[in-house]
Amino acid sequence: PILCAKPQSYCDYRGVAEEAVTYARNVLKIDVGNYDHHIFMYPDGFPGCKDFGMGEMGCVGQAKCQVYFWPGKVTLTWKNIVHELGHNLGLGHASANGVE
């Protein structure tokens, strides 16, 4: 986990994610390019964020394949993680009787 203390007044989840990647690369000397997927988890109350989670759609084979979570909004489970990673693979929402 990497803590970014940059105060935000709006839901700049991508900006904070980029800050975390830069910190991991430059300070912790982690070659983040070795990983296909980056998962970012934000603290409860992260300003302006209304969703529980979001996955970049169809990003496999591109420079970034990211998933973002605001776990204070809902209990984080493997089902939630797999759901958002599915978006990375290009899978959309399929509904049957209003159930995803």
| Residue within region 29-42 that is of a type in the set (A, V, I, L, M), assigned to a loop (DSSP other than H, G, I, E, B) and modelled with pLDDT of 85 or more present | yes
| request: Starting from region 11-38, keep only residues that are without any contact (Cβ under 8 Å) to a residue 24 or more places away in the chain and within 19 Å of Gly55 (Cα to Cα), then list their pairs with residues that are in a helix (DSSP H, G or I) and open to solvent by 40 Å² or more (accessible area, probe 1.4 Å) whose Cβ atoms are within a distance under 8 Å, requiring at least 6 positions of separation or different chains. | output: Val32/Arg25
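The values are calculated or read from the model by the stated rules, or taken from the named source; none is laboratory data. These figures come from a predicted structure and were not determined experimentally. In this analysis, Cβ positions are derived from the backbone assuming ideal geometry, glycine residues included, and neighbour counts consider all displayed protein chains. Side chains included, ligands, DNA and RNA excluded: accessible areas come from the protein's heavy atoms. Shrake-Rupley method; radii C 1.70, N 1.55, O 1.52, S 1.80 Å.
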